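Please read the structure below before turning to the comments.
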Amino acid sequence: MHWISVLPPLVTLGAVILTRRVVLSLAVGVLVGSFAITGPRVDGLLRASEYLAGAVAERGNAFTLMFIALFGALAEVVKVSGGVAGFTDAARRRVRSERGLLLTAWLILPFTFFDNVFRTLSVGSVLEPLIDKVKGSRDKLAFVMAATTGQTIVLIPLATAYAGYMVSLVRANVPDGAAGAASPAAVFSLFLRSVYWNLYSIAFVVISLGITFFGLGYGRLRISALSGEEEFTPVHEERNELLKKLPPEYPAKLINLIVPVGVLLLSTVFLFWWTGRGKAGAPDFTTSIMAATLLSLVVAVPLYRSQKVSFTELETHLVEGSQNVIPLLAILVLSWALSRNVRDLGFDTFVSSVLVGSVPRWAVPAAAFLVGGAISYVIGSSFATWALIMPLAAGLSRAHGVDLALTFGAVWAGGSVGDSASPLSDLPVLVSGVMKIPVARYASAALPYALGAAAIATSGFLLAAR
């Protein structure tokens, strides 16, 4: 009966294709999965409520939701104070083309690689106003942002939430006696070797560099029915156009961006160190980033008040900024609830029963990648995919004598697929929201390039395992 575990994500994807409404589709998926557990009874509604509440109550998720809400508020007050306009004016003198804008996304990476949500919101909200000024493509910038965020950060083996989680998975799936599992140094060494076997992310980054410099026809080829635009009434479109023409409330001041962003960056680094001291270099990423954002707000509010921005206006825009990210928060909560539901339905058991005993030695890494890629695309979570696939892949690797670093790298690669092209994944949702394009449009344009990177990665895994 574990086959029923694929029903909720398949229903969700089908609903997204038919309606192009991610929130409604995710809600349907959670309801279908809940009733799949309880049967056609009122208990199904109660179970769905439990999944939603559980997703919000989980500590890491709660901090992520709070961070996004606080960052939405911070971004709004920075914008209304003239900080974003100040950066735009300064960048306009230097960034004169779409290529220059895309390169800026790459150049800012060393200062914002700590977390994908942090980077997407901080960098994306600053670069987005420049798109129209350089007559650039929002789709292209969204793709490059996704590549320089999820696919690049996953290749950086330190000071990221990804690294901490991945090391914990390696430690949990290397038995005593294999590669010196009892030694933290040996576990970290195995993790380091595995990171650079993530052939998918490497291929995706190379492709995104090609798009940055040469375009590669991005956006001309789209796959899936998700490519349609969102339909809005003429009045809604007219209102949006009028909002774009409103004069700024305050003069452009670059310092109003530099100060809060500088505080955010420096305090994030400090808090990573502070929360990780005495813990073998394992900082509390979500707590640190949320606290750093809160500190930035604490610094920004008196700074703007000293420039005669009223408390009433500050409060209004703080609330408005948090309200702006409510659709994103809804998508994240529903995605987490769906992932919990799929696991409870026995998705890992279903995958294991299909694969065990049917994969030859030379195909173990490629199979781990392909199955992981399919799962991450369907459920939209790299972390959940890694947790599901890692035990199975580790067992197959040991049984067939395949290098664990190679197999673990294939697992990282498979989980990374969803972050690059799935309309149900956090990162495409974030990037699309910041760039103000439908997530369906982003996913359909990114999928051909994701498939190309997947083909390159699969070939590499097959060659490496022979």
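Computed quantities for the displayed model
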quantity: Whole-Å distance, taken between Cα centres, linking the stretch 433-464 and the stretch 28-90; calculated: 25 Å
quantity: Greater than 25 Å apart at Cα, pairs in LYS79/LYS436; LYS135/LYS308; LYS79/LYS135; calculated: LYS135/LYS308
quantity: Amide hydrogen neighbours beyond the local backbone of ALA252, cut-off 5 Å, H modeled; calculated: none
quantity: Net length gained if the chain between ARG277 and LEU24 were fully extended (0.36 nm per residue, minus Cα distance); calculated: 86.8 nm
quantity: Rg/Rh (Cα only; Kirkwood hydrodynamic radius) as it applies to the stretch 371-466; calculated: 1.04
quantity: Highest to lowest packing among 375-385, 99-109, scored as the average C-beta count within 10 Å; calculated: 375-385, 99-109
quantity: For ASP43, ASP132, order by how many other beta-carbon atoms lie within 10 Å, fewest first; calculated: ASP132, ASP43
quantity: Simple label model, 7 Å out from Cα along Cβ direction - LEU103 to ALA374, nm; calculated: 4.3 nm
quantity: Added length on full extension, which subtracts the Cα-Cα distance from 0.36 nm per residue, ARG96 to SER49; calculated: 11.9 nm
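Any read-out appearing in this document is the output of simple, stated calculations on the displayed coordinates, not a laboratory observation. Model, not experiment: these values are computed from the prediction. Every residue, glycine among them, receives a Cβ derived from its backbone with ideal geometry; neighbour counts consider all protein chains shown.
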